[in-house]
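Undergrad: After the structure tokens below, expect a handful of questions from me.
The values are calculated or read from the model by the stated rules, or taken from the named source; none is laboratory data. Please read these numbers as outputs of a predicted model, since none were measured by experiment. Here the Cβ is made from the backbone with ideal geometry for all residues, glycine too, and neighbour counts use every protein chain on show. These area figures cover heavy atoms from the full protein model, side chains too; ligands, DNA and RNA do not enter into them. Shrake-Rupley method; radii C 1.70, N 1.55, O 1.52, S 1.80 Å.
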Amino acid sequence: MTALASRQESELALAKAGTKEFVTVHVADQLFGVEVTDIQDVFSLKGLTPVPGARPEIAGVLNLRGRIVTAIDARCRLGLPSRPQGFAGMMAVGVEYQGEAYGILVDSVGEVLRLSDSDFEPNPVNLNPNWKDVSQGVYRLDGRLLMTLNIDQLLCVATA
């Protein structure tokens, strides 16, 4: 069985079971989830080059295994304060959007969670408008909310 066929079977089994898998990331004190199927890579941030005249949420570009990747600062995009220590020690979630490679800068990457579709809830009505634009909804986890990110929407607005 090829790796592609195996992956397709795995995704089909998850869909039938009514679950989704998310990689958890932290941005400031908030827990976010990014669907595993949206992620191509997770990497430590090394050597970020600023882009003069770029929008504020574009932190710069970096070279990832010979490919130029645009780095999007999730804190800036979500209207959160900058990290006191700058970009040192940050992680990035690598994604593709409209044929281009992007790294979404986050404070840390956590674990992979498989969550039931029945536990999914719509966004709270009082959610910050900046966040409502990029969130698909939430899951309640042990007294915390895991906000699911819509990567296409996050990048659509950040790169417009």
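Let's see how each residue does on (1) of a type outside the set (Ser, Thr, Tyr); (2) farther than 21 Å from Asp29 by Cβ; (3) at pLDDT below 95; (4) surrounded by 14 or more Cβ atoms within 10 Å (Cβ to Cβ):
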{"site": "Pro81", "(1), (2), (3), (4)": "yes, no, yes, no"}
{"site": "Gln85", "(1), (2), (3), (4)": "yes, no, yes, no"}
{"site": "Gly89", "(1), (2), (3), (4)": "yes, no, yes, no"}
{"site": "Ile104", "(1), (2), (3), (4)": "yes, no, no, yes"}
{"site": "Ser118", "(1), (2), (3), (4)": "no, yes, yes, no"}
{"site": "Val134", "(1), (2), (3), (4)": "yes, no, yes, yes"}
{"site": "Thr148", "(1), (2), (3), (4)": "no, no, no, yes"}
{"site": "Ala160", "(1), (2), (3), (4)": "yes, yes, yes, no"}
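Undergrad: Still on this structure: Output the number of the condition that Val125 fails; it satisfies all remaining conditions of (1) open to solvent by 80 Å² or more (accessible area, probe 1.4 Å); (2) more than 16 Å from Val25 (Cα to Cα); (3) in contact (Cβ under 8 Å) with a residue 40 or more places away in the chain.
TA: The single condition Val125 does not satisfy is (3).
Undergrad: So Glu111 clears everything in (1) more than 18 Å from Glu35 (Cβ to Cβ); (2) open to solvent by 30 Å² or more (accessible area, probe 1.4 Å); (3) not in a helix (DSSP H, G or I) except one condition, right? Which one?
TA: (1)
Undergrad: How many of the residues in segment 38-59 are open to solvent by less than 70 Å² (accessible area, probe 1.4 Å), free of Cβ contacts under 8 Å to residues at least 40 places away in the same chain and either under 14 Å from the mean Cα position of the chain (by Cα) or more than 22 Å from Trp131 (Cα to Cα) (or both)? Talk me through it step by step, then tell me what you get.
TA: Filtering segment 38-59 for residues open to solvent by less than 70 Å² (accessible area, probe 1.4 Å) gives 38-39, 41-45, 47-48, 51, 54, 57-59.
Still in the list and also free of Cβ contacts under 8 Å to residues at least 40 places away in the same chain: 47-48, 51, 54.
Narrowing further to those that are either under 14 Å from the mean Cα position of the chain (by Cα) or more than 22 Å from Trp131 (Cα to Cα) (or both): 47-48, 51.
Selection size over segment 38-59: 3.
Undergrad: Say whether the condition of being without any contact (Cβ under 8 Å) to a residue 40 or more places away in the chain and not in a strand (DSSP E or B) is met by at least one residue in segment 24-37.
TA: Taking segment 24-37 as the starting set, the residues that turn out to be without any contact (Cβ under 8 Å) to a residue 40 or more places away in the chain are 29, 37.
The next check asks that each one be not in a strand (DSSP E or B); those that pass are 29, 37.
Yes, segment 24-37 contains at least one residue that is without any contact (Cβ under 8 Å) to a residue 40 or more places away in the chain and not in a strand (DSSP E or B).
Undergrad: Just give me the residues in segment 71-105 being part of a strand (DSSP E or B) and farther than 21 Å from Thr37 by Cβ, in sequence order.
TA: Matches in segment 71-105: Ala71, Asp73.
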